[in-house]
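Please read the structure below before turning to the comments.
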Amino acid sequence: MYFSTPKLQYPVRVDKPNPVFARALQQAIGGVEGEIRVMLQYLFQSWGSRGPMKYREMLLNTGTEEIGHVEMLATAVALNLEGAPLSFQEEAARDPVAGAVLNGMNLRHILSTGLAATPENCNGVPFNASHVYASGNIVADMYANVAAEATGRALAVRLHGMTDDPGMKDMLSFLIARDTMHQQQWLAVIEELGGTAGLPVPNSFPQAEEKSEFAYAFFVHNSEGVVPEGRWTTGPSVDGKGQFEAMLSKPLGQTPQLAPARPDSGAQAEQMTTEPPMGGAVTSSTGF
């Protein structure tokens, strides 16, 4: 159940409408770094949360907050579109370079919505929910959330630098501050659940059943055997349960040998025999 109010979460003011900036703001709505993505991510993580109720409530509250962020940005897009040209003739009359502004706009802001926001990115690509991560593992989801907030904050910072409109800078400063809080929030959950000592994720699988010789090995894939010097190639692992080491990568498996194509599979006749791996006899397939 949700409640709503007609008032925005934070004031949205546009001092000088800019329809091209409206297009840029679409990335913060429907881009992979945008608010629709984190809104759905936190809500679906909440709705599927198992275990202590406080994590469900926390995610539900933050997902609901993100609905308000989408509303703010949609309002900002609409305000930036006020006074935008609706035709090439209109634009040509006000600017000697015909279509200079119109060509920089998202034309769907005119053609599909009548000067309003759309659930898509700045290039007009509709939001794709395949970028919503809700794994059912609370720590895995928190790490995904930290990454989502980090990329979202980077986007907001870039938008902040793209505009000189005081109202837009003020709104974006608010969103940047909320990204800061949410990064800290998700990291606080990870810390509460054991921090790095809770690694690997999931921690419910017995590590004794892993191929332990590969658990903390950094594979080096170059013919010279040059090992990059870094925290991840030597010394104790971050979880304190092993030692990092560099391991020159080499093939440990066999050469794949698939069964020949079936006669009714639509393959070529030559595919219906098996090439001998090491000079053995050729066999003919008669099907399965």
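Tabulated data for the structure shown
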read-out	value
Per-residue HN-Hα couplings for the range 241-246 [Karplus 6.51, -1.76, 1.60; θ = phi - 60°; Hz; x = Gly/Pro]	9, x, 10, 5, 8, 9
Loop-resident sites, the range 164-266, for trypsin sites (Lys or Arg not before Pro), counting at most 12 other Cβ within 10 Å (DSSP)	Lys211, Arg231
Expected 222 nm ellipticity per residue - DSSP helices of 4 or more, -39500 (n - 2.57), all of the chain, to 500	-13500 deg cm²/dmol
3J(HN,Hα) from dihedral phi, the range 197-209, Karplus parametrisation 6.51/-1.76/1.60, rounded to Hz, x for glycine, proline	5, x, 7, x, 9, x, 8, 7, 7, x, 5, 4, 8
Calculated from backbone phi, Karplus (6.51, -1.76, 1.60) coupling profile of the range 109-117 in Hz, x at Gly/Pro	4, 9, 6, 9, 10, x, 6, 9, 6
The range 155-211: GluC sites (Glu not before Pro) in DSSP loop, at most 13 other beta carbons within 10 Å	Glu210
Thr273 long-range amide H proximity, modeled H, under 5 Å	Ala261
Debye, to nearest 20: dipole size of the chain, +1 on Lys, Arg Cβ, -1 on Asp, Glu Cβ	340
For the chain: span of alpha carbons on each principal axis (Å, largest first)	80, 55, 46
Cα centre as origin, Lys/Arg/Asp/Glu Cβ charges: the range 159-222 dipole, Debye	40
C-alpha long axis of helix 19-30 to longest principal axis of the chain, angle in °	40
Interchain or long-range residues, amide H under 5 Å from Phe127's placed H	Glu120, Asn121
Principal-axis tilt of helix 53-81 within the chain, Cα atoms, nearest 10 degrees	50
Inter-label distance for Leu248 and Ser204, nm, one decimal - labels placed 7 Å from Cα along Cα-to-Cβ	4.2
Stretchable slack from Ala147 to His160, in nm (0.36 nm times residue separation minus alpha-carbon distance)	2.7 nm
Amide H contacts of Leu248 (H built 1.01 Å from N, under 5 Å, at least 5 apart or other chain)	Val220
Beta bridges by DSSP in the chain, antiparallel share as percent, to the nearest 5	55
Three-way shape label, the range 207-248, alpha-carbon gyration tensor, a/c 1.5	oblate
Distance between modelled label sites at Gln257 and Asn61, nm, 7 Å Cα→Cβ extension	6.2
Convex hull per residue volume in Å³, alpha carbons only, for the range 106-159	93
Sequence-distant aspartates and glutamates (8 or more away, or on other chains) whose Cα lies within less than 20 Å of Lys54	Glu65, Glu66, Asp141, Glu191, Glu192
0 to 90° range, to nearest 10: angle between helix 166-192 axis and the chain longest Cα axis	30
Along principal axes, Cα extents of the range 142-226, largest first, whole Å	57, 40, 13
Partner lysines for Lys241 [C-alpha distance under 28 Å; skip if fewer than 8 residues away on the same chain]	Lys211, Lys250
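Every read-out reported here was derived from the displayed coordinates using simple, explicitly stated rules and does not represent laboratory data. Since the structure is predicted, the reported quantities are computational estimates derived from the model, not experimental observations. Cβ sites come from the backbone with ideal geometry, for glycine too, and all protein chains shown count toward neighbours.
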